Amino acid sequence: MLNKATLYLMLTLLPINACSAQPVQNAQAKDCSYPHAVITSIDSIDNASVLPEVKGSDSSSLEHTVTHTIEYKNGDIAVLEQKYCSIYNFEVTYRIKQLTKQSFTAALSNIDQLIPKVQQDYRLIAPLDMIVDREMNEHQLSIESAFTRGLPQMAARSDNSVEHFIRFQPATSGNPTTLTFYFGLGGL
């Protein structure tokens with residue numbers, strides 16, 4: 001059983017904690033290094049339809065999100081998700097309808113065309129398909145099996161700290177072939 005002094009202390013501290021949580025969230029929202037203004041809409045893309053963007057927020061990180069879905073005429077689908085506030089995250093999950101070496105290279109080229117559309121301080125020094133091909137050759141990777149590979153820092157130019165990688169997952173029962181490209185700006 002709680003004594004009156006303990007109960008009084010708990011009740012008096014409760015409103016202070018409840019009130020102090022709100023300014024922290026507002027401070028966090030105002031502290032964004034990557035505000036909403038840096039995100040742009042994806043305009044038309046050759047041989048593809050761009051569905052309306054979906055804006056929201058990530059419930060766990062409180063970051064803003066913008067998701068674009070691009071449907072290519074060959075049946076491939078790219079989902080581009082941008083998360084931003086204290087850091088900027090760009091991730092394209094690209095579903096390849098019919099996997100061949102040519103369709104893999106075409107998917108990388110399509111992803112490469114999406115990168116400059118978001119107008120961030122991130123530029124690859126060579127086309128993405130060439131960078132990935134070099135990494136695959138150097139590390140004996142193929143489209144016959146799954147892989148995840150961090151890309152070299154020297155593959156991109158940015159005034160920010162950069163993390164970037166490529167992930168490939170061949171089709172499995174019930175799951176399509178997916179190719180994921182990610183880059184993140186900011187942070188440590």
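The values are calculated or read from the model by the stated rules, or taken from the named source; none is laboratory data. Predicted model, so just to flag it, every value in this text is computed and none were measured. Positions of Cβ are backbone-derived with ideal geometry, glycine not excepted, and every protein chain shown enters the neighbour counts. With ligands, DNA and RNA removed, areas are computed over all heavy atoms of the protein, side chains included. Shrake-Rupley method; radii C 1.70, N 1.55, O 1.52, S 1.80 Å.
Things to note:
- Within region 81-106, residues that are under 21 Å from M136 (Cβ atoms) sit with their Cβ atoms under 9 Å from residues that are acidic (D, E) and in a strand (DSSP E or B), at 6+ positions apart or across chains, in these pairs: E91/E81; V92/E81; T93/E81.
- Filtered residues of region 160-181 (kept if touching a strand residue (DSSP E or B) at 6+ places or on another chain (Cβ under 9 Å) and either over 18 Å from D76 (Cα atoms) or in a loop (DSSP other than H, G, I, E, B) (or both)): N160, S161, V162, E163, H164, F165, P170, A171, P176
- Residue in region 41-56 that is of a type in the set (V, I, T) and within 23 Å of M154 (Cα to Cα) present: no
- Some residue of region 38-53 being in contact with a Gly (Cβ under 7 Å, 6 or more places away or on another chain) and at pLDDT below 85: no
- Looking across region 23-37 at every residue that is open to solvent by 70 Å² or more (accessible area, probe 1.4 Å) and not in a helix (DSSP H, G or I), the one that is modelled with the highest pLDDT is identified as S33.
- Filter result (within 19 Å of T105 (Cβ to Cβ), over 18 Å from the mean Cα position of the chain (by Cα) and assigned to a strand (DSSP E or B)) within region 41-81: A48, Y72
- Residue list for region 82-110, filter: open to solvent by less than 40 Å² (accessible area, probe 1.4 Å), modelled with pLDDT of 95 or more, out of contact with any Asp or Glu (no Cβ under 6 Å at 6 or more places or on another chain) and part of a strand (DSSP E or B): V92, Y94
- Residues within region 121-159 that are under 20 Å from Y88 (Cα atoms), among the small types (G, A, S) and not in a helix (DSSP H, G or I), tallied: 3
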